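The values are calculated or read from the model by the stated rules, or taken from the named source; none is laboratory data. A quick note: this is a predicted structure, and the numbers were derived from the prediction, not measured. So basically every Cβ, Gly included, is an ideal-geometry build from the backbone, and we count neighbours across all protein chains shown. SASA here: full protein model, heavy atoms, side chains in, ligands and nucleic acids out. Shrake-Rupley method; radii C 1.70, N 1.55, O 1.52, S 1.80 Å.
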Amino acid sequence: MPRPIQAFVHTHALRHNLARMRAAAPDTRVWAVVKANAYGHGIERVFEGLRAADGFALLDLDEAQRLRSLGWRGPVLLLEGVFEMRDLELCSRLDLWHTVHCDEQVDMLSRHKTQVPHRIFLKMNSGMNRLGFTPTRFRSAWTRLNQLPQVDEISLITHFSDADGSKGVAEQMRVFAKTTEDLPGERSTCNSAGLLRHANDAAVATDWVRPGIALYGSAPDFPERSIAHWDLQPTMSLRSRIIATQDLAVGDTVGYGSSFTAETPMRLGVVACGYADGYPRHCPTGTPVLVQGVRTRTLGRVSMDMIAVDLTPCREAGFDTEVTLWGKASTGEVLPIDEVAQAAGTVGYELMCAVSSRVGFTQD
Ligand SMILES: *Cc1c(COP(=O)(O)O)cnc(C)c1O
């Protein structure tokens with residue numbers, strides 16, 4: 001028997017979340033962002049649930065290749081573009097669209113030998129200061145690209161730094177719109193937060209939006225908003241089982257460092273899940289967890305392979321009882337990944353990307 005911990009990827013939830021993203025901007029095409037192996041879910045495991053997207057956006061050429069192997073013939077966009085000359089060969093061979101965000105990428109394209117010109121997404125740095133040409137350099141980059149025989153259609157893309165917060169997207173959108181005013185080509189803006197919070201402004205929704213995290217059932221603006229507010233469903237559930245129980249007397253402590261002390265007699269369950277499975281070690285006592293679908297809390301420090309949970313509200317629980325670390329219990333109750341992430345001082349993105357390779361995945 002393998003250890004009882006397992007991750008589940010819910011196809012129906014992916015479909016539901018994708019439909020929600022479409023509804024948020026009905027006249028826009030949707031890139032399903034599947035970078036980082038589909039936010040830790042596995043490209044192959046999300047493909048069925050997300051295949052109604054208009055295209056897939058990612059970073060790794062290896063992942064693009066896997067999408068093509070799954071039979072996807074539609075658009076694939078490399079969000080960071082190419083890293084070296086030979087990546088362009090693969091773009092030609094697999095018909096990948098790619099971002100161009102710096103002069104070096106234009107240079108590489110100009111030296112690339114291809115029969116079929118490439119579809120390019122030229123990236124503007126409108127304030128994020130990560131990738132892209134600044135507004136003052138953007139037009140000359142466009143002109144240079146436009147003269148290359150290797151280049152087919154040029155689309156225009158930018159990325160928001162504050163779509164989830166109070167600063168919003170208005171200033172970046174203004175810069176992007178003004179700089180590109182008289183340039184032809186499709187526009188792409190909006191990550192999940194941009195789409196959910198700002199796409200009611202038609203100018204912001206553009207031709208292509210790029211939701212990632214919301215497709216996977218995490219609210220991009222938690223704790224201000226929750227997945228319940230946005231009507232999103234968890235797509236990943238991390239479940240395990242209780243492998244031991246202990247009865248504590250007043251004054252007994254739990255785990256390494258004895259960081260939890262019982263103030264009343266109580267019973268705890270030891271769960272086969274630890275930081276080596278990707279459960280964050282930073283989760284303190286009190287992190288929410290579902291035992292048999294009943295909400296309770298963790299006790300003491302997370303260790304490599306185990307974690308203790310309070311069985312006070314779950315009298316029936318014992319050896320082999322199901323525990324849901326995040327996502328949906330098999331009885332249907334939901335513990336949003338965002339609540340666990342918050343307890344660990346991080347975001348849902350990091351948790352779903354960090355489930356370790358020793359955890360088996362099942363698609364349902
Ligand atoms: C990751 C990424 C997205 C998706 O962002 P979410 O916050 O997960 O929706 C969109 N655009 C670009 C350029 C990205 O790198």
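In the chain, the DSSP beta bridges split such that about 55 percent are antiparallel, to the nearest 5.
Relative to the dominant Cα principal axis of the chain, helix 135-146 is inclined by about 60°. Basic side chains Lys and Arg get +1 at the Cβ, acidic Asp and Glu get -1 at the Cβ, and with that the dipole of the stretch 11-218 about its Cα centre reaches some 240 debye. Between E186 and R130, the contour length at 0.36 nm per residue exceeds the alpha carbon distance by 18.0 nm. Comparing Cα centroids, the stretch 41-77 and the stretch 293-364 end up 28 angstrom apart.
Angle of helix 170-180 to the longest C-alpha principal axis of the chain, folded into 0 to 90 degrees and rounded to 10: 30°.
Across all directions, the average projected area of the convex hull around the alpha carbons of the chain is 19.4 nm².
What angle, in degrees between 0 and 90 and rounded to the nearest 10, separates the Cα long axis of helix 85-94 from the longest principal axis of the Cα atoms of the chain? The helix 85-94 is inclined about 90 degrees to the chain. Shape of the stretch 257-364 from the C-alpha gyration tensor: oblate (a/c of 1.5 or more and a/b not above b/c, with a ≥ b ≥ c the square roots of its eigenvalues).
Since only P265, T285, V209 are under comparison, the one whose Cα sits farthest along the positive direction of the charge dipole of the stretch 209-319, derived from C-beta charges on Lys, Arg, Asp and Glu, is V209.
With +1 on each Lys and Arg Cβ and -1 on each Asp and Glu Cβ, and nothing else charged, work out how big the dipole of the chain is about its Cα centre, in Debye to the nearest 20. Using only the charged Cβ atoms, the result is roughly 360 debye. For L248, nonlocal amide neighbours, meaning residues 5 or more places apart or on other chains whose placed amide H falls under 5 Å from its own, are M266, R267, L268.
Kindly provide the Kirkwood hydrodynamic radius of the stretch 276-326 in Å, to one decimal, from all pairs of distinct alpha carbon atoms. Hydrodynamic radius (Kirkwood, Cα pairs) of the stretch 276-326 is 11.2 Å.
Near the amide H of A272, within less than 5 Å, lie the amide hydrogens of R241, I243, all on another chain or at least 5 residues away, with H placed in the peptide plane. Rolling a 1.4 Å probe over the protein heavy atoms gives the chain an accessible area of 43 Å² per residue.
Overall, the accessible surface of the chain at a probe of 1.4 angstrom is composed of carbon and sulfur to the extent of 49 percent. For the pair Q147 and D201, a Förster radius of 41 Å applied to the C-beta separation gives a FRET efficiency near 0.75, rounded to the nearest 0.05.
Restriction of the trypsin sites (Lys or Arg not before Pro) in the stretch 18-120 to DSSP coil positions whose beta-carbon has at most 10 other beta-carbons within 10 angstrom yields R73, K113. Around R73, with a cut-off of 15 angstrom between Cβ atoms, what is the net charge of the other residues, counting Lys and Arg +1 and Asp and Glu -1? Local net charge: +3. Straight-line cross-link reach from K178 at under 17 Å between alpha-carbon atoms covers these lysines, not counting any fewer than eight positions away in the same chain: K123.
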